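Here is the structure we will look at.
The values are calculated or read from the model by the stated rules, or taken from the named source; none is laboratory data. Keep in mind that what you see is a predicted model, and the values were worked out from it rather than measured. Virtual Cβ from ideal backbone geometry, glycine too; neighbours counted across all protein chains shown.
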Amino acid sequence: MSQEFSVPLTKQIDNFMNSPNQIISKLKSQYFWDVDLSGLNADPACRLIIERVFTLGDMHEMNEVIHYYGEKKTLEVLCNIAYIDPKSFNFILKLFHKPAEEFKCYHLKQSKPQHWS
């Protein structure tokens, strides 16, 4: 019996599990109410996906995103977001064990005066 596939089955499963459509299908469509999901590609839209999941998602979805993009890429995107709400920002700091000074949103918040706080 000849083998039909040139790529081992485990590699094919890994490729399927890490395909762009697979990560999007694991997330709630409500997070992307303003985007056509049929045309959304996970790699070019990594900033959008990571930002929405880390501000609106649950821990399981965050783990899925970290697994797909990798911790380094996920953290790089989060560090360059201009605004993260305080609750999500505190959670991200604790999750990744990073100082606030490494995040763009922290520096932007510090540079704007708070008139009513």
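Listed by first and then second residue, the pairs with beta-carbon distance under 7 Å, at least 6 apart or on different chains, first residue in region 91-117 and closer than 14 Å to N80 by Cβ, second at pLDDT 95 or above and surrounded by fewer than 14 Cβ atoms within 10 Å (Cβ to Cβ), are K104/N80.
Okay, residues lined up against (1) more than 15 Å from the chain's Cα centre (by Cα); (2) modelled with pLDDT of 95 or more; (3) of a type in the set (G, A, S); (4) loosely packed, with under 11 Cβ neighbours inside 10 Å:
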{"position": "E4", "(1), (2), (3), (4)": "yes, no, no, yes"}
{"position": "Q22", "(1), (2), (3), (4)": "no, no, no, no"}
{"position": "L40", "(1), (2), (3), (4)": "no, no, no, no"}
{"position": "M59", "(1), (2), (3), (4)": "no, yes, no, yes"}
{"position": "Y68", "(1), (2), (3), (4)": "no, yes, no, no"}
{"position": "N80", "(1), (2), (3), (4)": "no, yes, no, no"}
{"position": "N90", "(1), (2), (3), (4)": "yes, yes, no, no"}
{"position": "L108", "(1), (2), (3), (4)": "yes, no, no, no"}
